[in-house]
Amino acid sequence: MHLIYNFVAGPLLWLTVIVFFGGSIYRILSILKMAHQKDIAVYAYFNPFYALRSVFHWIIPFANESMKKHPLLTIVSFAFHICLFLAPLFLFAHIILIKQSCNISWGYIPDIVADIMTVMVILSCIFFLIRRIRIPEIHYLSTRSDYIVLAIVAAPFITGFLAYHQWVAYDIISILHILSGEIMLMCIPFTKLNHALFFFLTRGYMGSEFGKVRHSRDW
Amino acid sequence: MKIKNWIGIGIIISLIFATVYGFSQEEITQLHDSTFKTHIRPPAQFAHDQHNDTAQIADCSTCHHVYEHGKKGEGESSEGQPCSQCHFNQDDNALELINIYHKQCRGCHLEKKAGPVLCGGCHQRK
Amino acid sequence: MYEGVKAEADHKIDDAGIDSGIQALTDKKIESVITKFLKSETGARFKVYTDICVHCGLCADACHFFLSNDRNPKFSPSGKVKQTIGEIVAKKGKVNSEFIWKLAEIAFTECNVCKRCVMYCPFGIDVAYLMLTMRRLCHQLGVVPQNIQDTAHSHSATFNQMWIKEDEWIDSLQWQEEEAREELPKLRIPLEKQGADIFYSVIGPEPKFRAQLLYQAAVIMNTAGVDWTMPATPGWDNSDMCMYTGDYEMMGRLKRSHFETAMRLKAKRIVMGECGHAFRSVYDVGNRFLGWKMPPIPITHAVAFYHELLIAKKIKIAHLFEEPVTFHDPCNIVRGGGLHEIAREVIRYTCKTFIEMIPNREHNYCCSAGGGLINCGAPYKMKRVEGNRVKAEQLKEAKKKGANIVIAPCHNCHGGLEDIIHHYGLDMKLKFLGDIIYETMEKPEDE
């Protein structure tokens, strides 16, 4: 157990940090460079004011027509993304581990709140899965990778939930929890999860085009 | 006999038991520090004697250390003192005290490659 | 609810242009063209857009083709991307001519590049841009629907859309001037005037089919007393089907000729007739191809120009338009130019009763004729009209509320809506904003 733990919490963790941060920076920089070489218009028309105006309309629930058309999806998506970020970042157990290894810490949320958030993430993933299977236009678009990515995101939360409650095979579940969290982070720059990196760029660019050039809304 | 008398005898008996129980050297099975006002996780399971047998720790000061001016005092030990006596003052938050507990136990487990290192290894939900 | 994608057979519509283009292709040639295309013509936007789409399906509800085809997933914006770009990228260009046929049909006849879906995608993925890159690829493969390619040929031979010769153009203007002088004896259509305030440009179909629009424009200009001119040389046509066939080099030549003609006449600005795609071409796409961030000469669309004239009281309204009207927001001047509020103000100045269509403004449904679809001609007419049942329903709702007149300040919209109104038996009348102004304005008394 110590051997496996030391591996997933040692070299593999470092690899994750390098792949996640390095990969994200590489992806963003290479796209910015590519835009400079082949899509210079993106820079020419980018406008911070209109970019932010658009971003705000898409990170506030129901601030655009698309979200108003799909109220349930909007609520689930927002709950999912908020919990996805807040639960791991402010989980007490994570704070303790970071405190012990790096001697830095920040606020944490009560465990019961984190527990509820985790359940919300898992339920949201199930909702997304059902939606993907049941709604024809989404089913038509779905590829194997869409399902895998969904599983990659759900895995750290399912294992985290099980590990917290210590119901079954605690040691194995905990190791799987660390491992799946690392896999998820490493996948962000190189799978569809990269929308986390590029959302602000694409939304901002479209906001600039619609706002500055076309004098119209894009929400 | 009246009910009142029964109650009186009951109180006396329980007081006697409580006194005997209190003075006997209880075996330590968990770390329960009353400095913590609330407990986020269940107290760490820790069978003192069994742990020291398994880990072959004879010197009390291995854990019950005394530091003076950043140096570990030779031959000195601090049994009977709660950790919080030195490691916790009003300026610090509970996180600091939690952290030194973890450093003490988990740090050693990691170093010796023995004993629990995952949260639930010590903080067991029964 | 649509059921079963695979059950439905792929319809192949006979098109001489696509057919002959396909005949000339081999698998090897297709692969080499695609490889070169992906390397030289696609960049960061193409990469990011195709990379980050999480297949959430939110774009589907934005598309009139999807909604009108019983929610057939193949017609959703991302469904079209999957069938085209998805295949090309996955197979690295190793596709056959059968696929190219499908590619051309989807890119040219199943997407109006109206950009409505951009407003429904959380990431702002520009599917219209992606479909236009596919048209560009089709152009490089030489596989373009016959009718729109013919229009592009006309552009390259005559610099106008309708094979109109130089003398025919001048003749049409003089004919309309003569006609209009019956009404306003002092009226002129000033040709080749140097240094005028306004260079007025129109699209090819105006002299060809809708000459009364030139007449009306002349009446409005003369009544308002503006200093204007039109050229007697090529460069008068601001339309641009090359933008839609993917022939960007020719698009560049067209726009250059249009801008340079205005510059040669030292005009202060260009005012253009009521056209949507031409506005997109001169204001947004064509100028960029030529390296101008914004048009080198200020561009005013007719809708904004009418608004200006009304505000400045250069045009006075004698009597309000009696019948209740509704307004169709053309994609290219609303999502492409933000003229929706100004257009409504013009309507309030001129009409008694205005009934909104729902949805409206930036969220209005496309007419399904834009993006070159109507120019792909008869073979695709039913696909286009039946692919826009939602527009018919939207119009029907407006009619129920009492509107029998549809104002659409765009030529393509007129064509598209006319077909829809006829096909669905809606019995509504279409008008340009210019028609309304011409009918309601105060005209100078005969002397």
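The helices (runs of 4 or more DSSP H) found wholly in the range A:16-134 and carrying at least 1 residues that are open to solvent by less than 40 Å² (accessible area, probe 1.4 Å), within 11 Å of chain C (Cβ to nearest Cβ) and within 26 Å of residue A:153 (Cα to Cα) occupy A:23-38, A:48-59, A:65-69, A:71-89, A:111-134.
May I ask you to say which residue of C:255, C:266 is modelled with pLDDT of 95 or more and not in a helix (DSSP H, G or I)?
C:266
Restricted to helices (runs of 4 or more DSSP H) entirely inside the range C:6-122, those with at least 3 residues that are within 14 Å of chain A (Cβ to nearest Cβ) are C:27-41, C:44-52, C:64-68, C:77-81, C:87-90. When you look at residue C:228, is it touching an Asp or Glu at 6+ places or on another chain (Cβ under 9 Å), farther than 25 Å from residue C:377 by Cα, crowded, with 18+ Cβ neighbours inside 10 Å and not assigned by TED's automatic domain parsing to the domain that holds residue C:18, yes or no? Criteria met by residue C:228.
For the range C:9-45, the set of residues classified as in contact (Cβ under 8 Å) with a residue 60 or more places away in the chain, charged (D, E, K, R) and closer than 15 Å to residue C:103 by Cα consists of C:10, C:12, C:14, C:15, C:27, C:31, listed by residue number. When you check residue A:91 against the structure, is it at pLDDT 95 or above and more than 16 Å from the chain's Cα centre (by Cα), yes or no? Yes, satisfied. Only one of the numbered conditions (1) closer than 25 Å to residue A:66 by Cα; (2) small (Gly, Ala, Ser); (3) open to solvent by less than 10 Å² (accessible area, probe 1.4 Å) is not met by residue C:78, and that is (3).
Entry remark, the range A:166-198: residues being touching a residue at least 24 places away in the same chain (Cβ under 8 Å) and within 7 Å of another protein chain (Cβ to nearest Cβ) number 4 in total. If you check B:53, B:92 for being outside any loop (DSSP other than H, G, I, E, B) and either modelled with pLDDT under 80 or more than 30 Å from residue A:114 (Cβ to Cβ) (or both), only one passes: B:53.
Taking first residues from the range C:95-119 that are closer than 25 Å to residue A:203 by Cβ and partners that are open to solvent by 10 Å² or more (accessible area, probe 1.4 Å) and not in a loop (DSSP other than H, G, I, E, B), the Cβ contacts under 6 Å between residues at least 6 apart in sequence or on separate chains come to C:113/C:132; C:114/C:331; C:117/C:127.
A single member of B:93, B:99 is closer than 30 Å to residue A:90 by Cβ and in contact with a Lys or Arg (Cβ under 7 Å, 6 or more places away or on another chain), and it is B:99. Are any of the residues in the range A:14-24 within 24 Å of residue C:55 (Cβ to Cβ) and β-branched (Val, Ile, Thr)? No, there is no match, as no residue in the range A:14-24 is within 24 Å of residue C:55 (Cβ to Cβ) and β-branched (Val, Ile, Thr).
Scan the range C:121-136 and give yes if some residue there is more than 18 Å from the chain's Cα centre (by Cα) and without any contact (Cβ under 8 Å) to a residue 24 or more places away in the chain, otherwise no. Checking the range C:121-136: at least one residue is more than 18 Å from the chain's Cα centre (by Cα) and without any contact (Cβ under 8 Å) to a residue 24 or more places away in the chain. At the interface with chain A (Cβ under 9 Å from one of its Cβ atoms) and surrounded by fewer than 15 Cβ atoms within 10 Å (Cβ to Cβ): does that describe residue B:113? Here the answer is yes, as residue B:113 does meet what is asked.
The values are calculated or read from the model by the stated rules, or taken from the named source; none is laboratory data. What you are looking at is a predicted structure, and each value in this text was computed from that prediction instead of being measured. Heads up, the Cβs are rebuilt from the backbone with ideal geometry, glycines too, and the neighbour counts pull from every protein chain shown. Areas reflect the complete protein model, heavy atoms only, side chains present, ligands, DNA and RNA absent. Shrake-Rupley method; radii C 1.70, N 1.55, O 1.52, S 1.80 Å.
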